[in-house]
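For reference, the structure is listed below as structure tokens.
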Amino acid sequence: RLKAAEVQNSALPAQMDEHFISNTLNAVNAHLYTDDPDTASDLLARFAQWIRSMLENSQHPSVPLRADLEALKTYLELQRLRLNGQFEYSVQVAEGMDTDHIQVPPLVLQPLLENAIEHGVGSMQSGGRIKLEAAMREGALVLSVEDNGVGRKESTERNARGHKKTSLSMRIIGDQLEL
């Protein structure tokens with residue numbers, strides 16, 4: 001129980017990446033300065049919705065898959081708006097899945113989506129695609145994130161040229177899944 005509480009307490013700060021929050025608020029501000037208050041308002045409303053879902057879902061060790069997917073859709077749309085539509089996304093759930101009764105650790109996929117955006121499609125000017133998929137295979141829930149970005153090799157080389165950030169989120173995902 002202590003380990004579960006530690007994972008839960010460390011998950012929220014790791015997922016509420018300060019760079020993402022700062023970049024989103026800066027994007028809102030930029031749209032206000034460029035006389036695009038509708039986009040600024042949309043960004044701010046989605047940002048508030050994302051914060052609300054983060055805080056709500058993080059209070060529970062597991063949430064219905066439906067609730068988690070809704071939070072992840074909000075995150076993806078917020079990122080897409082923030083990056084001026086340089087990528088599209090889809091969220092696909094296999095036919096017949098009861099997403100109201102399947103429980104998952106909250107927001108476990110968000111760091112993977114963040115990686116797909118920042119290290120995959122984020123360097124593309126346009127045409128980026130991210131697919132989030134939920135399916136049942138051999139009695140197990142399979143959640144996957146795919147993108148058409150630069151690929152791991154190129155991303156690793158780019159990170160080696162810049163500063164490399166240790167991925168606390170990836171460790172937390174492993175801890176959540178282990179529990």
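The values are calculated or read from the model by the stated rules, or taken from the named source; none is laboratory data. All figures in this text were calculated on a predicted structure; none of them were measured in a lab. Every residue, glycine as well, gets a Cβ built from its backbone with ideal geometry; the counts of neighbours run over all protein chains shown. The accessibility values were calculated without ligands, DNA or RNA, using every heavy atom of the protein model including side chains. Shrake-Rupley method; radii C 1.70, N 1.55, O 1.52, S 1.80 Å.
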Checklist outcome for this item: Selection from the range 125-135 of residues within 29 Å of Val104 (Cβ to Cβ) and modelled with pLDDT under 95 yields Gly128
Next on the checklist: Considering only residues that are within 18 Å of Val63 (Cβ to Cβ) and out of contact with any strand residue (DSSP E or B) (no Cβ under 8 Å at 6 or more places or on another chain), which ones fall in the range 109-136?
Outcome noted: Gln110, Pro111
Checklist entry - So is Ile130 outside any loop (DSSP other than H, G, I, E, B), among the β-branched types (Val, Ile, Thr), open to solvent by less than 40 Å² (accessible area, probe 1.4 Å) and closer than 18 Å to Asn23 by Cα or not? => result no
Checklist entry - Looking at this structure, is Ala116 at negative phi, touching a residue at least 24 places away in the same chain (Cβ under 8 Å) and under 11 Å from the mean Cα position of the chain (by Cα)? => result yes
Checklist outcome for this item: Taking first residues from the range 76-102 that are farther than 23 Å from Asn26 by Cβ and second residues anywhere that are surrounded by 12 or more Cβ atoms within 10 Å (Cβ to Cβ) and among the acidic types (Asp, Glu), the pairs with Cβ under 7 Å that are 6 or more apart or on different chains are Gln92/Glu133
Checklist entry - Name the residues in the range 106-123 that are open to solvent by less than 30 Å² (accessible area, probe 1.4 Å) and within 18 Å of Met54 (Cβ to Cβ), would you? => result Pro106, Leu107, Val108, Leu109, Gln110, Pro111, Leu113, Ile117
